Amino acid sequence: MEGDNVALLIDWENIKICATEKLNAPPDIILLKKVARKYGRLTVARAYANWAD
C-alpha cells in the first residue's frame, strides 16, 4: 500500500458521542490519524460537525 493516498473524514459529532459514551473519554484524533496512516499517506484529515452549537 505504500504510495497510496488516504483521506480521513470524521463525523465529529457522532464520534465524540460514541467515544464519550463507550470509552468515557474524548476522541483521540492523533490515534485516528495514526491508524489512517497504516493504509497509506494521509493527505486529507477533515472533521465535519455543526460547529454553531
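Here are a few things to note about the model shown:
- Any pair with Cβ under 8 angstrom, 6 or more apart, that starts in region 20-45 at a residue that is free of Cβ contacts under 8 Å to residues at least 60 places away in the same chain and ends at one that is hydroxyl-bearing (Ser, Thr, Tyr): 26/20
- Counting the residues of region 18-31 that are surrounded by 10 or more Cβ atoms within 10 Å (Cβ to Cβ) and modelled with pLDDT of 90 or more gives 7.
- For region 30-53, residues that are in a strand (DSSP E or B) and either out of contact with any helix residue (DSSP H, G or I) (no Cβ under 9 Å at 6 or more places or on another chain) or on the phi > 0 side of the Ramachandran plot (or both) total 4.
- If you filter region 36-53 down to residues that are surrounded by 12 or more Cβ atoms within 10 Å (Cβ to Cβ) and of a type outside the set (D, E, K, R), you find that the one that is nearest to residue 3 (Cα to Cα) is 40.
- Matching residues, region 8-31, being within 10 Å of the chain's Cα centre (by Cα) and more than 20 Å from residue 50 (Cα to Cα): 30, 31
The values are calculated or read from the model by the stated rules, or taken from the named source; none is laboratory data. What you see is a predicted model; the values in this text were computed from it and never measured. For neighbour counting, all protein chains shown are included, and Cβ atoms are generated from backbone atoms with ideal geometry for every residue, glycine included.
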